[in-house]
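The values are calculated or read from the model by the stated rules, or taken from the named source; none is laboratory data. Please read these numbers as outputs of a predicted model, since none were measured by experiment. Methodologically, a virtual Cβ is constructed for each residue, glycine included, from the backbone with ideal geometry; neighbour enumeration extends over all protein chains shown.
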Amino acid sequence: MQIINTYPELLSVFHSDGFDMDKWSAYMDAFVPGAKELCLKDMRESIGAGYSWDKDFLPVLNAVQRDAEKREEAISSFCSVTERLDERIIGRFGRTVDADILLYIGLCNGAGWVTPVRGKTTVLLGIEKIMELNWQGTDDMTALIFHELGHVYQDEFGTLCREGDSLPDRFLWQLFTEGVAMVFEQELIGEPSYFHQNRNGWKQWCDDHFELIRRSFRGDLETMTPENQRYFGDWVRFEGHGDTGYYLGARFVRFLLNFDSFDRVVCYGLEEVRDGFERFICAG
């Protein structure tokens, strides 16, 4: 595992009036050649879906320059969490992952993003989104990095990405992979009931409404689209609560672990996930 240090250069992407795209392009090319194109493509797709560069992107990016306290806390947390990280993963799972981990300033692509960059699995951690979500503290940074490494673990030792699935299968697969990452996160932290989203009674509400979440997700599957799904992402709500897909995914994978080991579960194919989900829906 390689930790790529870009934080001494984070402020190089700004001029006196704020974010500068040309400076950002040079910064990206210097540290992670190949990632710039991925970020720009994602940005253009977001703008095409109705987001605004001036209203939705620039303020979040410029906050990195403006809020030194949050920025320095995020950098400190990143350094603390990534120290001896290989040893921690090996201690729990008996093996570690081959990935680059990068704290960078992107184009609001997300707090965490696992993606191949020139053939190398890379964990991109967007400091601007981390700060916007107030995840700059050590606890939140720990959960974020562990969660993303859960995706890397599934990609390296099982199956993470699939192409060409129908929309229902895509969302079912997303539920499964987010559940794997949540369980990986919980296991590294050492608390099976841990959820980093648990604020203001979030987990208690999810526990109390588990049946509603489970039945609703199953009922929504056939008509779910990226535009109307209400389970994944900090911008959507299910009955007024966010991230319920991550809660349900963790419960789903914990159910699967009653029958198989974690290392076997991460190798599941779509048919095994479908079968397991139907059993999960019918379970008491």
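Couple of notes before you dig in:
- Filter result (touching a residue at least 60 places away in the same chain (Cβ under 8 Å) and over 15 Å from the mean Cα position of the chain (by Cα)) within segment 137-170: Gly137, Thr138, Phe157, Gly158, Thr159, Arg162, Asp165, Asp169
- Residue in segment 101-137 that is surrounded by the fewest Cβ atoms within 10 Å (Cβ to Cβ), counting only those that are modelled with pLDDT under 95 and among the polar types (S, T, N, Q): Asn134
- Residue within segment 34-54 that is touching a strand residue (DSSP E or B) at 6+ places or on another chain (Cβ under 8 Å) and over 30 Å from Gly158 (Cβ atoms) present: no
- Some residue of segment 48-61 being within 23 Å of Pro8 (Cβ to Cβ) and of a type outside the set (Val, Ile, Thr): yes
- Among the strands (runs of 3 or more DSSP E) confined to segment 24-127, the ones with at least 1 residues that are aromatic (Phe, Trp, Tyr) are located at 100-104, 112-117.
- Hits in segment 209-218 (condition: more than 21 Å from the chain's Cα centre (by Cα), surrounded by 11 or more Cβ atoms within 10 Å (Cβ to Cβ) and part of a helix (DSSP H, G or I)): Phe210, Leu212, Arg214, Arg215, Ser216, Arg218
- Segment 114-133, subset hydroxyl-bearing (Ser, Thr, Tyr) and under 13 Å from the mean Cα position of the chain (by Cα), residue nearest to Leu102 (Cα to Cα): Thr122
- Pairs with Cβ under 9 Å, 6+ apart, first in segment 41-54 and in the same structural domain as Met21 (by TED's automatic domain parsing) and among the aromatic types (Phe, Trp, Tyr), second part of a helix (DSSP H, G or I) and surrounded by 12 or more Cβ atoms within 10 Å (Cβ to Cβ): Tyr51/Met43; Tyr51/Phe57; Trp53/Met43; Trp53/Ile47
- Among (1) of a type in the set (Gly, Ala, Ser); (2) touching a His at 6+ places or on another chain (Cβ under 6 Å); (3) part of a loop (DSSP other than H, G, I, E, B) - the single one Ser193 does not satisfy: (2)
- Unmet criterion (only one of (1) touching a helix residue (DSSP H, G or I) at 6+ places or on another chain (Cβ under 6 Å); (2) free of Cβ contacts under 8 Å to residues at least 60 places away in the same chain; (3) of a type outside the set (Gly, Ala, Ser)) for Met21: (1)
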